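Working notes, beginning with the structure itself.
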Amino acid sequence: MLNRTDEGYMFDPEIETMPRDQLAALQLCKLKKILRHAYGNVPHYKNTFDAAGVTPSDLKSIHDLVSFPFTTKDELRNNYPFGMFAVPRDEVVRVHTSSGSTGRPTVVGYTMKDLDLWSSLMARTMVCAGTRPGDFVHNALGYGLFTGGLGAHYGAERLGCTVMPVSGGSTGRQIALLRDFGARLLCATPSYALNIAEQADRDGYDIRSGELEIGLFGAEPWSEAMRSELDERLGIKAVDCYGLSEIMGPGVGAECIEARNGFHAWEDCFLFEIIDPETEQPLPMGETGELVITTLAKWAQPMIRFRTRDVTQMTDEPCVCGRTHRRILRITGRNDDMLIIRGVNVFPSQIEAILLDCPDIDPHYQLLVQRTGTMDVVTVETEAKQSVPLDDYAKITNDIENHIKSKIGVTCRVVVLRPGLVPRSEGKAVRVRDLREKE
Ligand code: DLL
């Protein structure tokens, strides 16, 4: 077995360090095949390709992909439940769905081979984040229709770890299990990891003195400031991991523990583009826009140019870890979660970073959007630390309002609540509550 301190250990070394020209050739070969598979087996793709006047044989180089149509979440919904499958339903061995909180859920199917690939990519992700075979993994990602729990579970098993399938919730019990079993890796959403840290404090357990060394966090936007907070409070290195059910689940990319600066996008299995969401044109390397992903090896349900709505940027700067796969920098947020406050675009993660700067605040928060006349008004609800006297709340409120104004350029109302009053997350935190339609 490998020693935990073995540097440079990779799960798929040949692929992870593949020279860029070879990686590009591999992508082209896989892309041609997946386009044929999608066009030949999914009526939706046949129709949209035909409408755009393209067929798979028009793709001669990767750059030709721009003439192929995008796939949107609405189109997946319109093909509910099995219309996007490219194989007979009885070859699909697993189905997950998105939450469906805004209409029909989106369905994703996997063949046995797809599940095998997903497990390998999650194992690769975990190694990239510093996990090693034999580690004990505490998996607090939700099990069920959400892809987080099962994705991390099978990845950890594939790697040869010992997995505890705790799922989210029953936070008191999570602390006891972390203490008694000595997990090295914690998988969770960052907001739930903060909830765990808080519970450990309440229970008088110094989680920093335990065995925990790494947090593999994702499934929701979080800021660099939140990373420092989690590092500090849990005594770990917090590592970002990205994924989405429509494309596979967690494991589409992961930060390396060496740099912790943007996640390596697994380019042998996915093709990544950044586009301007308005003009829908590709943006040059380094510019911020919407991430678009094409699956290169997912068989049950290929996704061609899927518009993720996630806002980010890519970099082709070499990484200290030696991996050649490009990095996608922190996801600022989703287009759909972006608030436009008096003409200024604001993501909840920007507010989060400001709250974390304030020493009297615990970074639990929600943004409430209301309408007054024709104006949208945003209220930031957050919490004071236990030790802060009530008399100080007014001053803290004022300070945060000023910070938001000076750093982001918008005016928000801030309400500082007593500890425990902002709802806690057991999975993905709800950061924005839109009260406009109900008023
Ligand atoms: O959240 C898969 C996942 C599970 C990823 C566990 C990482 C860890 P969905 O429920 O389909 O899948 O949600 C996907 O979550 O489009 C992003 O908006 C957001 N998201 C996922 N990872 C990150 C991240 C899972 N690291 C949606 N940073 C995506 C920011 C993230 N946002």
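Flag not set for Arg77, criterion: under 19 Å from Glu246 (Cβ atoms), basic (Lys, Arg), part of a loop (DSSP other than H, G, I, E, B) and within 16 Å of the ligand (Cβ to nearest atom). Look at Ser67 and say whether it is in the same structural domain as Cys29 (by TED's automatic domain parsing), touching a residue at least 12 places away in the same chain (Cβ under 8 Å) and not aromatic (Phe, Trp, Tyr). Taking the combined requirement at face value, the residue satisfies it.
Selection over segment 114-140 of residues that are under 27 Å from Val87 (Cβ atoms) and surrounded by 22 or more Cβ atoms within 10 Å (Cβ to Cβ) gives a count of 7.
When Glu317, Glu383 are screened for being outside the structural domain of Ile274 (by TED's automatic domain parsing) and among the charged types (D, E, K, R), only Glu383 passes.
Residues that are among the aliphatic types (A, V, I, L, M), out of contact with any Phe, Trp or Tyr (no Cβ under 6 Å at 6 or more places or on another chain) and more than 9 Å from the ligand (Cβ to nearest atom) within segment 213-259 comprise Ile214, Ala225, Met226, Leu230, Leu234, Ile236, Val239, Ile257, Ala259, listed in sequence order. In the condition set (1) more than 26 Å from Arg309 (Cβ to Cβ); (2) in contact with a Phe, Trp or Tyr (Cβ under 7 Å, 6 or more places away or on another chain), Asp116 is compliant with all but (2). Can we say Arg202 is over 18 Å from the mean Cα position of the chain (by Cα) and either assigned by TED's automatic domain parsing to the domain that holds Ala123 or within 12 Å of the ligand (Cβ to nearest atom) (or both)? Yes: the conditions hold for Arg202. Exactly one residue out of Met338, Met285 is under 29 Å from Thr379 (Cβ atoms) and free of Cβ contacts under 8 Å to residues at least 60 places away in the same chain: that is Met338.
Only residues that are surrounded by 19 or more Cβ atoms within 10 Å (Cβ to Cβ) and modelled with pLDDT under 95 were counted across segment 368-398, and they come to 1. Among the residues of segment 91-111, none is identified as within 18 Å of Ala38 (Cα to Cα) and loosely packed, with under 14 Cβ neighbours inside 10 Å.
Counting only residues that are surrounded by fewer than 24 Cβ atoms within 10 Å (Cβ to Cβ), give me the strands (runs of 3 or more DSSP E) lying completely in segment 209-327 with at least 1 of them.
214-218, 237-244, 263-265, 270-275, 289-295, 306-312
The values are calculated or read from the model by the stated rules, or taken from the named source; none is laboratory data. Predicted, not measured: the structure shown is a model, and the values here were computed from it. Heads up, the Cβs are rebuilt from the backbone with ideal geometry, glycines too, and the neighbour counts pull from every protein chain shown.
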